[in-house]
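A.B. asks: First, the structure itself, so that you have it in front of you.
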Amino acid sequence: MNYKYGIALDIGTSGIRAQALDLKTSQVISTAITLRHPLPGANVVDHLHFAIEVGRETTHKLLLDAINKVIKSLNIDLNNVTRVAVCGNSIQLSLFHNIEIRDLAYWGQHALDRLKVTPPQRDATITTPEKVGLEVNAKAEIYIPPAIKHEIGADALAMLFKADILEKKGIFLVSDFGTNAEIALIINGEVYTCSAAAGPAIEGQMIEKGRLASPGTICDLELTNYGWKTHILDDNLLTQEGDEVDPSTGKIISHKENSAKSIGITGTGVIAAFSLGLDNGLITLPKIKSPDHQIHLQDDTYLTEKDIVNIGKALGAFRAAYLTLAEEAGVLLEDIDATFMAGASGFYVDPLKSLNVGQIPPSSQEIYQMGNTSLAMARDLIIDPSLLDKLQSMAKGMRSKHIMLATSSIFEKIYSLELSIYEQGMPFWMYNEWLNKYGFQKVAPRSFNPQIHRIFERDIPELGKEGLHITKVGSILEAEFEGCTNCKTCLDHCPENAITIENGLIKVRTDLCSGMGCLKCALSCPNKVFKYGKLLSSEEIKAAQAETDL
Amino acid sequence: MKRFTRMIYKNPEELIFGHAKFPVSERWNIQFGAGYVVPEVKVAPQEGSEASKEKMVAECRNIAQSACKRAVSIGLPSFMLEQEHVFQQTNNPEWAAECTQIQAEILERYYDEYGISVALRQTPADIRVEERAPGLRGSDYDNKIEETMEACAANGASDLCIETMGGKSASDYGISRGDIKAVLFGIGVLGSIDMEYMWKRIVNICRRYDCRPGGDTDCAQANTAMFMAGGLLDKDIAHTTAALARAMAAARSLVAVECGAIGPLKDCGYENPIVKAISGVPIATEGKNAVCAHSDLMGNLTAAMTDVWSNESVYHRQEMGGTTPEVWLQATGYEAALMNTAIQTGTGETLRDIYTLTDKYRDPQGLILAYDNAYRIGEAIVNYGNDPYLRARAAALEAGKIINEAVDAGKLYLTRFERDSLDNALKILEELPMDSDQFTDECLRTYTRKVPEFDPKSYEL
Amino acid sequence: MTHIEELESKLDQNFVAIRYNVEIEGPAIRPENDLDVRNILPTEEPYKSIALAVLYGDMDASLSNVNDGLEAGLSPVDIINNGLMKGMDAVSLLYTKGFYFLPDLMLSGDSMMEGVRVCEKILGHKSETKGTTVSFVAEGDPHDIGKNLVVMFLRANGYDAIDLGRDVPTTEVIDAVEKYKPLFMTGTALMTTTMTVFPKVVEELQKKGLEVPAFGCGGGSVRKDFVESFPMSVYGVEAYHAPKLADSILKDKKTWKELRKEYSEIVGEFVSEYA
């Protein structure tokens, strides 16, 4: 038996997805995913920060450890793997490739000059398993697609490539639905891009009962005659109906037998609650009009007013971003021919609710839910490696203009309107009046009958005959800190129970640790000796040990 | 065509229910605006009856039968039955002919047997589609409307009405975006042009039969604004904006009368009091007894100068008190009885004023339709009577003035949304050109691009 | 009196119909008709018009009013204190009342600053302010919306707020502290990668023997426990808290340690982060 396999890899901020393909038939054999990123933290900046503090080498190793673990669970003979294609944003691909990342961590010239950083090209690359430390046949080729520009990565290229609109006439909006949402407006092939720092609320983080999509999380809500019905993810990550509750009290109206118990709510669930709450007046920004100012869902899952403001500001970043793009490009939102929603959240969110809360333009008429385009493009590369050259020329030849939102005066004006809405409760009519006053377009009203095109059933359309395998990732970081008195203050302060201490050796589980967004361990240390950056992977410790032993 | 450049009424005090300067007589011994108010009932065929002609004819027969039976059961001296067509009725003139015929037969039987004064109003549907070539003019649908009108007139309708849709593409765009210029263009310019096209033909048909040309309503535009404005707490569009749209609608709906319509004007034209003040024709209106069809904020006020009091529309079905034609005719019938009692006992003015005061300051939309204010808007219209654009603009500006005066007098309070929307709209309206061609050119440039459904050819522009 | 007017005079409108929208939101009034605003605004001209132009965020009117005043021989200091600042006080008040929003504040702030600039040109020097503050965005960070708000709130409250801009190297911050000896300093960052310069700034200040009464740090992912892990600093929750913190340093000589302890009290509202 001389099967040849290819592996398509997507390194996303919220997890790794891998698929094995039979190169002869181009069929998917199996799929393996993780439910979180192996590095501590909730967003790309956390990952970046971690890499800068702990070191690029350690970070690269942690990532590759996880990827090796994931591809092992694909259930194929890795010796027969001849092609691997990987896709993701510039940060993830640089960590995978083990190249410079600091140019992505700082903006402007000052920090980069001081650190003497030369931004790498991030062109299309073919590398070897040995160079990146991937445990497959040593002769396999590894394809890394190019970034469009250094801040707009291969994931954005995948989104544009799979939407297949670069050569079409018309106006198209393509939006990724992540914490750092890449948004592109394409006008007859001319591409305007930006990246909206929506924030982790969009993925259910920074929300008191929020969780990444995982079994037992509420991912959608449906309006019924008597209340809201929850939709909960089961153990296979499929949606199931849950209880019907009165959201202002949490009283169960009808209980669903054998429903999964809710352990929290995903970003799409929060958006659903936000949309329904705004519609029926339960949410009157920035307040929740229930007796205790909370929205209550099944099994004591609830949303606070702070959660509402957080999700609101995240959604506001989307709206301010696409409005800025439209103003920069001089087109009207209502003239957009089709809106494409990419990414897992963009696939599982109810587009009508997205439209209702302004995450996509309310006037959107044709809406496509594309699912995971990064993984799809990686699959395409496995099947036809010559695509890599095409992508390179596509990326470099793209007539594109990147709008840096943080320095855009249009964005600043519009975002201040968003803050006014979500933090201060400015009415929407006034928002539109302000846009008008600034000389910008108003947000056109809701389209009468939006058409939703959901091409697949899942964000990953084909799981393969071997099915889906969920891989647990996580490594241990260790350190002994000089001056540590074993007082365990760090352990007590860790909100995720990620720390253990054995004889002065501190161990941190990366799959639990929230990383640089938290740092409660280091900050709480009474003697200030806990240095997060000194933590090392067990392997490195062993290697260091071996050296001293010699 | 002669435009109104002077008020037929010389004093708003003369405006009162049951009385019009130019009363209308129809067959079966009924008069409108001749010193008494006629109740109206209108019932929509139930779903499924459009499946075949036979079903539709039976449905229309049952509706007429129920209404007549209840009218004599409770002792009504007169009533009007209106049938508003569903698409199939207008699209198949032979359906319309048979439906009309059977309803006329039933009414005539009751007229013969009991001496009850009756009228049969047929309202074909405006089934034209602007965005489908060749547009509003000369399409199959357009021709079908004309054929159906004739079929109704020939088969016993005592008057004809229609709710024309001209300008709706532009005004919908304007209403949903708070773009007052588009609203004015849609209602004042396009609506008026399309009315002229439609009404000259209807009046011609009526001349050949014993059938009166009734009137038109700006249901497609000003009522859309009213529905979207919704209740006091809704904020989709400001109630002040809806009030301005209503004032413009009067300038537009007047065109039917200028083309030869003599009334009673169509019930859902909330702008009718203004048209009556200008032209002296009797009007049908609706309010508190039309809650089955929609919710407005002036349920009593609209009765103050009505001649035909209507229930607007309700599905044909069973209620606890009988079928809907029975129940709703009873409601409008008793209200008309109240007004007629007031007329004969010399307390008509008091009742009119009470009707008016209950709703005058409930909402700006009611305020501008109170008879004294309706009269003022009428004056603004006839001031620019020869120019449909300028008179619609003047109507809106006058309505704005009326609202502002009430606010300044501390009689009506506005929210910030209502206030800002009104200020913005009035500012835009004031700055518009005083030349109708210039305005039309500007609008053609802007809205042919922004409103894909809008087709200038439909208005010969 | 007509018949209907006679009836109307007998009728209490709310007896038959209540405009609940107005009841809930309050009737629309012009900003200058708010009772509290009336108490703030000057009554005599041309100060009244100058203040009104600021209140309406009308930059052109503000400039021409100020110029008219100067030509009429009014002192620039009077124009600033009795006109421009009064207008801005009214704006701040309407903002706290929820009548005005951020964009109103930004427009009015710009109108006021333009007027102040014209006056200062005549004056030949900076006008007298409550004190000088310094604001910057961390090196490597372009996100300056938060900083711009802080600067605007400080200026609106009578501070000479020095704005160092975005992506500011630590050395520039140190130089500014040396030059201006600020009463209060703020640093903002959106990214966790860049907020790490805050402790470095403090370290550098200490090395040079410099000090600020308090260094307010805030923005995006900046958190209280991080800010409190180094000295001289206080975690700032909302941009509009900045002038209140500065006021308490100015008036009550509060130290950064006291600001941390009494934050809620000083800003005059419940702040969950400090609960």
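A.B. asks: Can you compute 3J(HN,Hα) from phi for each residue in the stretch A:236-241, using the Karplus curve 6.51 cos²θ - 1.76 cosθ + 1.60 with θ = phi - 60°, rounded to whole Hz and x for Gly and Pro?
C.D. replies: Once θ is set to phi - 60°, the couplings for the stretch A:236-241 become 9, 6, 9, 7, 10, 6 Hz.
A.B. asks: Is there a pair in C:LYS126/C:LYS179; A:LYS116/C:LYS147; A:LYS162/A:LYS390; C:LYS97/C:LYS130 whose C-alpha atoms are over 19 Å apart, and which pairs would that be? Don't skip to the end; give the middle numbers.
C.D. replies: On the way: C:LYS126/C:LYS179 15 Å; A:LYS116/C:LYS147 27 Å; A:LYS162/A:LYS390 14 Å; C:LYS97/C:LYS130 24 Å.
Table pairs above 19 Å Cα-Cα are A:LYS116/C:LYS147; C:LYS97/C:LYS130.
A.B. asks: Within 10 Å of each Cβ in A:404-412, how many Cβ atoms from other chains are there, averaged over the peptide?
C.D. replies: Numbers: counts 1, 3, 10, 5, 1, 0, 0, 1, 5.
Mean number of neighbouring Cβ atoms from other chains: 3.
A.B. asks: So, one more: Which whole-number value in Å³ per residue fits the convex hull of the alpha carbons of the stretch A:164-230?
C.D. replies: On the way: hull volume 8.7 nm³, N = 67.
Cα-based convex hull of the stretch A:164-230, divided per residue, equals 130 Å³.
A.B. asks: Let me test this: with uniform point scatterers at the alpha carbons of the protein assembly as shown, what is the Debye-based log₁₀ I(q)/I(0) at q = 0.07 1/Å?
C.D. replies: -0.85
A.B. asks: Now for a separate question. Leaving out ligands and nucleic acids, note down the accessible area per residue over chain B with a 1.4 angstrom probe, in whole Å². Don't jump to the answer; show the numbers that get you there.
C.D. replies: On the way: 15370 Å² over 461 residues.
Each residue of chain B exposes 33 Å² on average to a 1.4 Å probe.
A.B. asks: Here's something else I'd like to know. I'd like the Karplus ³J(HN,Hα) series for the stretch B:186-203: coefficients 6.51, -1.76, 1.60, θ = phi - 60°, whole numbers in Hz, and an x wherever there's a Gly or Pro.
C.D. replies: For the stretch B:186-203, the Karplus-derived couplings read x, 7, x, 8, 5, x, 5, 4, 5, 4, 4, 4, 6, 6, 4, 6, 5, 4 Hz, x marking Gly and Pro.
A.B. asks: Report which residues of the stretch A:98-122 become buried by 30 Å² or more of accessible surface when going from the isolated chain to the complete set of protein chains (1.4 Å probe; DNA, RNA and ligands ignored).
C.D. replies: Hits at the 30 Å² cut-off: A:ALA105, A:TYR106, A:TRP107, A:HIS110, A:ARG114.
A.B. asks: Looking at the protein assembly as shown only, what percent of DSSP beta bridges run antiparallel? Nearest 5 please.
C.D. replies: In the protein assembly as shown, DSSP labels about 45 percent of beta bridges as antiparallel.
A.B. asks: So, one more: Which entries in the list A:LYS413/B:LYS427; A:LYS528/C:LYS224; C:LYS86/C:LYS121 go over 23 Å, if you measure between the two C-alpha atoms of each?
C.D. replies: Over 23 Å Cα-Cα: A:LYS413/B:LYS427.
A.B. asks: Right, here's the next one. List, by residue number, every residue in the stretch C:118-148 with a reduction of 30 Å² or greater in accessible area between the chain on its own and the complete protein assembly, 1.4 Å probe.
C.D. replies: With the partner chains in place, the stretch C:118-148 has these residues losing at least 30 Å²: C:GLU139, C:GLY140, C:PRO142, C:ILE145.
A.B. asks: List the residues of the stretch B:405-431 that lose 10 Å² or more of accessible area once all protein chains are present, compared with their chain alone (1.4 Å probe, heavy atoms only, no ligands or nucleic acids).
C.D. replies: B:LYS411, B:TYR413, B:LEU414, B:THR415, B:ARG416, B:PHE417, B:GLU418, B:ARG419, B:ASP420, B:ASP423, B:ASN424
A.B. asks: So what J values fall out for the stretch C:129-134 if you push phi through Karplus, 6.51 cos²θ - 1.76 cosθ + 1.60 with θ = phi - 60°, rounded to Hz, Gly and Pro as x?
C.D. replies: Calculated HN-Hα couplings, in order: 10, 5, x, 9, 10, 10 Hz.
A.B. asks: In Å², rounded to the nearest 100, what is the total accessible surface buried by chains C and B against each other with a 1.4 Å probe? Working shown, then result.
C.D. replies: Details: alone 14760 and 16670 Å², together 29390 Å².
Adding both sides of the contact gives about 2000 Å².
A.B. asks: Okay, moving on. Roughly how big is the A-B contact, given as buried accessible area in Å² (both sides, 1.4 Å probe, nearest 100)?
C.D. replies: On the way: alone 23930 and 16670 Å², together 39840 Å².
Using a 1.4 Å probe, the pair buries roughly 800 Å².
A.B. asks: While we're here: Rank-order A:43-55, B:380-392, A:466-478, C:21-33 by packing density, defined as the average count of other C-beta atoms within 10 Å over each peptide's residues, highest first. It would help to have the intermediate numbers written out before the result.
C.D. replies: Details: A:43-55: 24.5, B:380-392: 22.5, A:466-478: 17.5, C:21-33: 14.9.
Those peptides, ordered most packed to least, come out A:43-55, B:380-392, A:466-478, C:21-33.
A.B. asks: For the A and C pair, go ahead and give the buried accessible area with a 1.4 Å probe, both sides summed, in Å² to 100.
C.D. replies: On the way: alone 23930 and 14760 Å², together 35780 Å².
So the buried area, both faces added, is about 2900 Å².
A.B. asks: Taking all protein chains as present, what is the carbon and sulfur share of the accessible area of the protein assembly as shown, in % to the nearest whole number, probe 1.4 Å? Please report the intermediate quantities before stating the final value.
C.D. replies: On the way: 24550 of 49690 Å².
Percent of accessible area from carbon and sulfur atoms in the protein assembly as shown: 49.
A.B. asks: Determine the per residue accessible area of the stretch C:132-274 with all protein chains present and a 1.4 angstrom probe, expressed in square angstrom.
C.D. replies: On the way: 5260 Å² over 143 residues.
Value returned for the stretch C:132-274: 37 Å² of accessible area per residue.
A.B. asks: Right, next: If the reach is capped at under 25 angstrom between alpha carbons, list the lysines near B:LYS53, excluding any in the same chain fewer than eight residues apart.
C.D. replies: Result set, ordered by chain and number: B:LYS42, B:LYS69, B:LYS144.
A.B. asks: With a 4.7 Å Cβ cut-off, tell me which Cys residues in chain A come up empty for a partner.
C.D. replies: So far as the 4.7 Å Cβ criterion goes, A:CYS87, A:CYS194, A:CYS219, A:CYS484, A:CYS487, A:CYS494, A:CYS513, A:CYS518, A:CYS525 stand without a partner in chain A.
A.B. asks: While we're looking at this one, here's another question. When DSSP beta bridges are limited to those with both residues in the stretch A:210-300, what percentage is antiparallel, rounded to the nearest 5? Could the numbers behind the result be given before it?
C.D. replies: Details: 14 of 17 bridges.
The answer is about 80 percent antiparallel.
A.B. asks: What number comes out for accessible area per residue over the stretch A:210-300 if the probe is 1.4 Å? Units Å², please.
C.D. replies: Working: 4190 Å² over 91 residues.
Averaged over the residues of the stretch A:210-300, the accessible area is 46 Å².
A.B. asks: How much accessible area does A:LEU238 have with a 1.4 Å probe, in Å² rounded to the nearest 10?
C.D. replies: Surface open to solvent at A:LEU238 totals about 90 Å².
A.B. asks: Now a separate question. So which residue, out of C:SER229, C:SER248, C:SER64, gets the largest mean-square fluctuation from a GNM of chain C using Cα contacts under 10 Å as springs?
C.D. replies: C:SER229
A.B. asks: Give the separation of the Cα centroids, the stretch B:226-243 to the stretch A:266-298, in Å.
C.D. replies: 25
A.B. asks: Related question: Net charge around A:SER254, counting only other residues with Cβ within less than 9 Å of its Cβ (Lys, Arg = +1; Asp, Glu = -1)?
C.D. replies: Values: positive: A:LYS229, A:LYS256; negative: A:ASP243, A:GLU244.
Residues near A:SER254 contribute 0 overall.
A.B. asks: Still on this structure, I have one more. Sum -39500 (n - 2.57) across every DSSP H segment of at least 4 residues in chain A, then divide by the residue count to get the 222 nm mean residue ellipticity, nearest 500. It would help to have the intermediate numbers written out before the result.
C.D. replies: Values: 18 runs with 181 residues, N = 550.
So the helix-based figure for chain A works out to -9500 deg cm²/dmol.
A.B. asks: Also, quick follow-up: Amide H of A:GLY12: which non-local residues (sequence gap of 5 or more, or other chain) have their own amide H closer than 5 Å, using H built in the peptide plane?
C.D. replies: A:ARG17
A.B. asks: Looking at the stretch B:12-459, what % of its DSSP beta bridges pair antiparallel, to the nearest 5? Don't jump to the answer; show the numbers that get you there.
C.D. replies: Values: 6 of 28 bridges.
Bridges in the stretch B:12-459 that DSSP calls antiparallel: roughly 20 percent.
A.B. asks: Continuing with this model, one more query. Accessible area, 1.4 Å probe, largest first: how do B:ARG3, A:ARG114 sort?
C.D. replies: Details: B:ARG3 35, A:ARG114 135 Å².
These residues rank, largest area first, as A:ARG114, B:ARG3.
A.B. asks: Calculate how steeply helix C:145-156 sits against the longest principal axis of the alpha-carbon atoms of chain C, using the helix alpha-carbon long axis, and give the answer as 0 to 90 degrees to the nearest 10.
C.D. replies: With both axes taken from Cα atoms, the answer is about 70 degrees.
The values are calculated or read from the model by the stated rules, or taken from the named source; none is laboratory data. Given the structure is predicted, the values throughout are model-derived calculations rather than measurements. We place every Cβ from the backbone using ideal geometry, glycine too, and count neighbours over all the protein chains shown. Just the protein is used for accessible areas: all its heavy atoms, side chains included, with ligands, DNA and RNA removed. Shrake-Rupley method; radii C 1.70, N 1.55, O 1.52, S 1.80 Å.
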